[in-house]
Each structure stands twice: as structure tokens, then as C-alpha cells.
Amino acid sequence: MSLAQPSGFFRDLVTVARRAVRTLPREPEAIIPAMLIPMFFFAVNIGALQDVAEGQAPGFDFKAFQLPVAIIFAVTGVSRANTIVTDIQSGYLDKMLITPVRRSALLLGMMVADIVLVFALSSLVTIVGFIVGVRFETGILGVLAFLAMASAWGLAFTGFPYAVALRTGNPAAVNSAFLIFFPFAFLTSAFVPLEALTSWLRTVARYNPVTYLLGALRALITEGWVAADILKGLGAIGGVGLITFTLAFTALGRRVKTG
């Protein structure tokens, strides 16, 4: 009797990713809110604050200022972490762990599906931005860079819900993981420029990575290829991704050891 041999990391990754991508259309309850909620807030914020903001600062494009906020709300926390929980509870993950499949491919394959989904969500919200009149100073390349940065942020944040899923195997805990994003979202320059915040909030916002992500995305829309802002945004994505991916793969390692 011959034992199964490892098929290679890339093949393992493709196999897991294909399964994860195929399940996306079967879960509209996860996709539709992620699409509608940011668009709702985008419309409400513009309706409530545009006249005030642009009245106090002539030439200020509040729609362009708010589009990155809608994008971040659309892509943050979107992950296949609940699928991991289902696989844990059904025993499917345990079965996968006794096969030669690469352990890292189990998680990275899920993340491939996350990239597909967050890119689609980013594109839809950006199209809405175009419909209401937002235009990019950086042209089509800027749009692509904008979508790439938004998708990279969505992927960077997914490490956290995956870590919770692998640690707890609890769907309620995974659903609650998104709550950690609210301080990131609101203790920042989401609704007014950094300079307009009160002193204590401005200080907090300066230490918030979302502030620099918003700055980079806004620069691509209204200012152009501002290298300093873009590099700060990429640094924020990389820093958050380093932390969350470390948590996720550490949790995966523990799950592999303990079952």
C-alpha cells in the first residue's frame, strides 16, 4: 500500500482557494450587508454633511473625502472565518489536517477568496462614487491603485477574525471580532480632516493606522501621486497585516497541534 504524497504547495493552495471561491455565491447573507451598509452610510453622510463641509471650505469635495470611508467599511472584516468555524464544528478541518495538504495553504486558500470578494466590493463602491460625481486626479492607474490598496487593507484585517475562528471555533466570537474595527473607524479622520479634530482626538488619530490609509486613498482621488501619503498608507496596511497574520498563523499552528 502506497501512502499519499504531498502534491505541492501551489496545488494545495489552488484546491483550497477554488473551494472557498465557489462558496461565495451561496452566502448572500454575508455579501449583501457588506455591500449595502457602506453605501448607506456613504449616502447618509453626504446628505447630512456635504453642504456644511463644503460651505465652510469652498472647493472642498466632500464626496471624494467620504468615498474612502465607504470603501473601508465595505472591506474590513470580510473573511471566510465563519467557514473555518463550520469546518471545525463539522470535523472537515480535522480530516484535512490528516492529509498531506500544506497547513499554510488551508488558511491562504481562504484568503484568496477574501481577495476576490473585497476587490469586488471595492469596485462596486467605487462605481457608486463615479455615479455621484467623484473623479480621480490620478486617472485609471490611480483607480487601480485605489482598489489594490483597499483590497490589501481588507486582506490585512482578515487575519484577526481567522485567529479568533481558529482559537475559539465559535461563530459568535467571530461575528464579534468586527467590533474591534469601530475604534479604528471612528477615532480617525473619517468625517473631518485631521486638522479639524479636537486636540485629544487628533492625538489619538495620529496613532491610528486607518488615518494614514484614508490619507493615501484620498490623495489618489484628489491630490495625485503624493508619495509620502501613499507610503504611509502602505506602511499602515503592512503593520496591521503583520500583526493579524502572525495571530492567525499562530492560531493555526496551535489548532494543528491540539486538534
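No lab work stands behind these numbers, since they all come straight from the coordinates. If you're wondering where the values come from, they're calculated on a predicted model, not measured in any experiment. Every residue, glycine among them, receives a Cβ derived from its backbone with ideal geometry; neighbour counts consider all protein chains shown.
Worth a mention:
- Verdict on Phe184 being part of a helix (DSSP H, G or I) and in contact (Cβ under 8 Å) with a residue 12 or more places away in the chain: yes
- Every residue from the range 187-200 that is among the small types (Gly, Ala, Ser), farther than 15 Å from Ala57 by Cβ and free of Cβ contacts under 8 Å to residues at least 24 places away in the same chain: Ser199
- Helices (runs of 4 or more DSSP H) enclosed by the range 6-123 - at least 3 residues per element that are farther than 19 Å from Gly215 by Cα: 9-23, 28-56, 81-90, 92-97
- The condition (being touching a Ser or Thr at 6+ places or on another chain (Cβ under 8 Å) and within 25 Å of Leu217 (Cα to Cα)) is satisfied by just one residue among Phe146, Phe130: Phe146.
- Counting only residues that are of a type outside the set (Ser, Thr, Tyr) and more than 23 Å from Phe119 (Cβ to Cβ), the range 151-174 holds 8 of them.
- Candidates Trp200, Trp225 - the one that is over 30 Å from Ser90 (Cα atoms), more than 16 Å from the chain's Cα centre (by Cα) and part of a loop (DSSP other than H, G, I, E, B): Trp225
- Members of the range 160-184 that are surrounded by fewer than 24 Cβ atoms within 10 Å (Cβ to Cβ) and not aliphatic (A, V, I, L, M): Arg167, Thr168, Gly169, Asn170, Pro171, Asn175, Ser176, Phe178, Phe181, Phe182, Pro183, Phe184
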